Amino acid sequence: MIRGHVFGLDLIRALAVAMVLVTHASFFFLPLTHDLQAWWMPGQLGVELFFVLSGFLIGGILAEQAEHGDLDVRQFWVRRWLRTLPNYYLFLLVNFLIERWATGAWPHAWSYLYFGQNLAWPSPMFYGESWSLAIEEIFYLIAPLLILMARGRLARYMRPIPLIVIGILVFTGIRIAFVLQGDPGWDEGVRKVTLVRLDAIAYGVLAIVLYRRFRMTTRVVTGAALLGAVGVAICVWSYFALPRDSSFFARTFLFNLIPISFAAFLPLAARWRNSGLPKFVEVAVNKLALWSYALYVSHLALLRVLQWILGWKGQTPLECLAQAVAFSAMAIALAALVHYLYERPVLRLRDAIAPKTAPAIA
């Protein structure tokens, strides 16, 4: 398991949330451009990068405990839920109140309480950023149960690597059947539907298991990262070149290629422990990584307040740019506030209730 502070993984986390933030800041330019397809791609890829990184860090804990025979499912769930659910439900409530304030109507949000909003169907527009959190929560609910099922007589056949590969193949098959049967759109109809995207996190788990098992050399991890760069280039080309809403490849195997490509970078990032960069750059990366989850769940609520309620809609390029920059700065400041006043006390409570059993990054 990866122990201690690793700058390279912080950089990946900071890059992922920055990609999402930049994409949503581009919404301030809609009055001028009316079409931001090129800007949507970084944010979409940023979420996919979050999935893979989550599997590499959190899923790796599961894989290690399962391999050593000391998996404590209850402790894992308590630590995971106290890390994610408080922020999720806080901003579910915030978005609930914003929706009421902006529209005068109460949104139908019961399914959000149990992460059912996008289980096998498109996610509603309300609290739209929560679709990815639903995928993560369902994955980390199911994964420990699958590991427990693989114990006993099946243990000889269900080592971590074949178990993960089988899981990826199963959910890839479900995605293929889903596309063939319903002909859904690429984004709302496939990318954001939980039951056809659970394999996205599994690639990160597979990457950390392979990294630990085979003790990869510098040459191997560098080569893997280069292959990952090629894969990302193919993904970007596919994004723009293919008719995504009708392309079979885009709606099925592109969702394999994207996480495979990102997972290929993570072993190299895991070796980058000391940045060697100017101190202010290192601090900025570390802070953005630290606040990333708070930033992810809070920034769209801020965007909705600014645009729906305060009417931030620039008419000139300079006004749009100023509003986008101001929104980004305010979003980061809000995330820092949420982290120190709300998230950090909850994490202290988590560590008191369910102390971690291994000094791994989580």
*Say we look at the stretch 254-276 and pick out the residues that are without any contact (Cβ under 8 Å) to a residue 60 or more places away in the chain and either among the basic types (Lys, Arg) or part of a loop (DSSP other than H, G, I, E, B) (or both); which of these is surrounded by the fewest Cβ atoms within 10 Å (Cβ to Cβ)?*
Gly276
*Please enumerate the residues belonging to the stretch 59-73 that are over 23 Å from the mean Cα position of the chain (by Cα), in a helix (DSSP H, G or I) and in contact (Cβ under 8 Å) with a residue 12 or more places away in the chain.*
Ala66, Glu67
_at pLDDT 95 or above, in a helix (DSSP H, G or I), crowded, with 23+ Cβ neighbours inside 10 Å and among the small types (Gly, Ala, Ser): is that true of Ala16 in this structure?_
yes
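Kindly indicate whether any position in the stretch 108-116 is crowded, with 18+ Cβ neighbours inside 10 Å, within 22 Å of the chain's Cα centre (by Cα) and not in a helix (DSSP H, G or I).
Here is the first cut: in the stretch 108-116, the ones crowded, with 18+ Cβ neighbours inside 10 Å are 112, 115.
Now narrow it down to the ones that are within 22 Å of the chain's Cα centre (by Cα): 112, 115.
Pick out the ones that are also not in a helix (DSSP H, G or I) and you get 115.
Checked against the condition, which is being crowded, with 18+ Cβ neighbours inside 10 Å, within 22 Å of the chain's Cα centre (by Cα) and not in a helix (DSSP H, G or I), the stretch 108-116 yields at least one hit.
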*Considering every residue within the stretch 29-38, establish whether at least one is surrounded by 14 or more Cβ atoms within 10 Å (Cβ to Cβ), in a helix (DSSP H, G or I) and under 17 Å from the mean Cα position of the chain (by Cα).*
no
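So in the stretch 175-195, with the set limited to residues that are of a type in the set (A, V, I, L, M) and within 21 Å of the chain's Cα centre (by Cα), which one is nearest to Ile142 (Cα to Cα)? Reasoning before the result, please.
Step one: list which residues in the stretch 175-195 are of a type in the set (A, V, I, L, M), which gives 176-177, 179-180, 190, 193, 195.
Among the residues that remain, those that are also within 21 Å of the chain's Cα centre (by Cα) are: 190, 193, 195.
Working: Val190: 20, Val193: 16, Leu195: 11 Å.
Once the filter is applied, the top-ranked residue is Leu195.
Quickly run through the stretch 123-139 and pick out the residues that are in a loop (DSSP other than H, G, I, E, B) and either among the charged types (D, E, K, R) or over 17 Å from Leu300 (Cβ atoms) (or both). Please lay out each step first, then the result.
First pass over the stretch 123-139, keeping only residues in a loop (DSSP other than H, G, I, E, B): 123-129.
The one that is in a loop (DSSP other than H, G, I, E, B) and either among the charged types (D, E, K, R) or over 17 Å from Leu300 (Cβ atoms) (or both): Glu129.
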*Could you please find all residues in the stretch 206-229 being farther than 20 Å from Trp272 by Cβ and free of Cβ contacts under 8 Å to residues at least 60 places away in the same chain?*
Arg213
_Residues of the stretch 277-324 classified as basic (Lys, Arg) and under 22 Å from the mean Cα position of the chain (by Cα), total_ = 2
_I'd like the full set of residues that are touching a residue at least 60 places away in the same chain (Cβ under 8 Å) and either of a type in the set (Lys, Arg) or under 16 Å from Thr103 (Cβ atoms) (or both), limited to the stretch 304-317._
Arg304, Val305, Gln307, Trp308, Ile309, Lys313
_Looking at the stretch 192-208, can you tell me whether even one residue there is part of a helix (DSSP H, G or I) and over 19 Å from Gly59 (Cβ atoms)?_
no
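The values are calculated or read from the model by the stated rules, or taken from the named source; none is laboratory data. Just so it is clear, the structure is predicted and the values come from calculations on it, not from any experiment. All Cβ positions, glycine included, derive from the backbone under ideal geometry; neighbour counts span all protein chains shown.
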